[in-house]
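Report on the structure given below.
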Amino acid sequence: MEDKQRILLIRKGNEAFNSGNIALAAEIFKTTEYQDGLIRVGDHYYYEKKQPLLAYGYYRKAKHEPMLNKLSESFIFALKYWLSDDTSKKDESEDETVVEEVKPENGSVDYTE
């Protein structure tokens, strides 16, 4: 692709991004391999849409190491948590103290665990 054509496409991608057409901007940025635009698309999906897996693809295409490292660490932490067989973790219902109301014969109320 010629430099002049690439510059025109990047401008079109920036206009699309600024007007909210993220999908078109993303396609143009991928086609032109415009790293700054790909990072902006990644930021959009990570920060605004809360879709880190989708953002990861754009950061990877842009070779944006800081966010790739951050997301990789988060993914590894989540995976370890999901796969852990930690028996010390309790179900929320086990943490609750059950208080039973016991009514003695004299009619007064006594709360015991």
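As a summary of the residue check, Pro66 satisfies the conditions (1) surrounded by 15 or more Cβ atoms within 10 Å (Cβ to Cβ); (2) under 16 Å from the mean Cα position of the chain (by Cα) except for the one numbered (1).
Could you list, in sequence order, all residues of the stretch 32-62 that are basic (Lys, Arg), part of a loop (DSSP other than H, G, I, E, B) and within 22 Å of Lys12 (Cα to Cα)? Across the stretch 32-62, there are no qualifying residues.
The numbers here are math on the coordinates, done by the rules we state, and not lab data. What you see is a predicted model; the values in this text were computed from it and never measured. Ideal geometry is used to build each Cβ from the backbone, glycine not excepted, and the neighbour counts take in all protein chains shown.
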